[in-house]
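In what follows, a structure is listed as structure tokens, so that the remarks can point back to it.
The values are calculated or read from the model by the stated rules, or taken from the named source; none is laboratory data. Fair warning: this is a prediction, and the values are worked out from it, not measured in the lab. Cβ placement follows ideal geometry from the backbone for every residue including glycine, while neighbour counts extend to all protein chains displayed.
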Amino acid sequence: MIRQFAIILLASIGLVAAIFAHGAMAVVPSDYGLVEGDLMSATGSSDPDIYIVNDYGYKRLFLNPTIFNFYGHLKWSNVRSISSTTRDAFSTSGLFRNCETNDPKVYAVEITAEDKGMLHWVNISGEQAVAQDPNFFKKVFCINSAEWSWYQKSGVDYTTLSQVPDYSRLTQEQYTVRLIVHYLKNQTHDSNAQPALEDALRDVRDWYFDQLGTTFVVGSTIIHDFSRETWHWTDALREVVDPCQNNVVFVSFNVGEQWQGGTYGADIWGCSFSVPGRVGGYWNAESNPIGLRGWLSHELGHAFGLGHPIPGYCDTVPNVMGGGYTLWPNEGFCPDDVPTLLALPWFSAP
Ligand SMILES: [Zn+2]
């Protein structure tokens, strides 16, 4: 069915494309001996994901086999083996539209874990979209209702294309620190929480730069609507992130109420309980902004593998791993902890 959907879509956007096709010409499938609708995978590479390519030289990813199998006519045996160079020649798009219901809304997928994704409505007009990206409609892939229903839906719309994740820059090797803001099922979103927490994380990122001369990259925030009406930190995390995604340190907050089993605190909750880990806490409007930043700096230190200083060691330095968050930002790391941090890929990335 996907080919039929694709044809319907092409017919509906053909006029738009003809008018606005002034952008830089991308490669087209025929440059590589491929045709629209071809399935391809760089089978010999470290990224053997399966993609489908469209006429305009954009490709979409199938996040996992479940999604691939929503399209009965797509056969694993038809996946063409390509080189990673060919794969990378086509930009990856995460823009989708449910063509089975002919929904005019375009959604952008945010990949939240190795094989999980969340849809954000791209809540701007077609004219605005084309003004911001003349190739916008060429990047929209038709999906069916089964795939559309599979994704979690974010309550946060994208209101400018700059918010749409750019998968051409994302690699599985990218090391980031990402914020997750969790809400209970049916909980009203607090419009103050996300910006306040993002501000805090950016300040902490800058504070790390002051200590180390380099700092970590902050990835996009995940807004997560938990399926339950009561908090459980581990379950909430499991629902939205892959515990083995060890290139990301997740900073996990719920809003308004304390987590079950803990308040502010660190949790090293990676694959096999090894570092890197997750940092969790809760946020409310009365949160102390300095305490929040000091606490976050400390708990991120744990997530990066630091412990508390041994009494008598490093006592002369007001150090963030020794407590005393109220001193933030006028505190640092014990001198021995600095090379430990600098050796981590979060701080050595170009
Ligand atoms: Zn601690």
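Among the criteria (1) touching a Cys at 6+ places or on another chain (Cβ under 8 Å); (2) more than 15 Å from the ligand (Cβ to nearest atom), the one Cys334 does not fulfil is (2). The residue that is surrounded by the most Cβ atoms within 10 Å (Cβ to Cβ), among those in the range 293-350 that are polar (S, T, N, Q) and more than 16 Å from Thr215 (Cβ to Cβ), is Asn319.
Across the range 277-304, what is the total count of residues that are polar (S, T, N, Q) and over 18 Å from Asn254 (Cβ atoms)? Break it down into steps so the answer makes sense when it comes.
Going residue by residue through the range 277-304, those that are polar (S, T, N, Q) are 284, 287-288, 297.
Okay, now just the ones that are also over 18 Å from Asn254 (Cβ atoms), so 297.
Of the residues in that region, 1 qualify.
Of the residues Leu300, Leu306, Leu296, the single one that is within 15 Å of the ligand (Cβ to nearest atom), assigned to a loop (DSSP other than H, G, I, E, B) and modelled with pLDDT of 85 or more is Leu306. Looking only at the range 155-182, residues that are assigned to a loop (DSSP other than H, G, I, E, B), basic (Lys, Arg) and at pLDDT 85 or above come to 0 in all. Out of all the residues in the range 220-232, is one or more of a type outside the set (Lys, Arg) and free of Cβ contacts under 8 Å to residues at least 24 places away in the same chain? For the range 220-232, residues of a type outside the set (Lys, Arg) and free of Cβ contacts under 8 Å to residues at least 24 places away in the same chain: absent.
Highlighted here are the strands (runs of 3 or more DSSP E) found entirely within the range 68-149 that include at least 3 residues which are closer than 23 Å to Thr221 by Cα and out of contact with any Asp or Glu (no Cβ under 8 Å at 6 or more places or on another chain): 107-113.
Quick check, is Gly155 of a type outside the set (S, T, N, Q) and either within 30 Å of Tyr71 (Cα to Cα) or touching a helix residue (DSSP H, G or I) at 6+ places or on another chain (Cβ under 8 Å) (or both)? The answer is yes for Gly155.
Contact map, the range 296-312: first residue outside the structural domain of Asp206 (by TED's automatic domain parsing), second residue away from the ligand (no atom under 12 Å from the Cβ) and part of a helix (DSSP H, G or I), Cβ cut-off under 7 Å, separation 6 or more or different chains; the map is empty.
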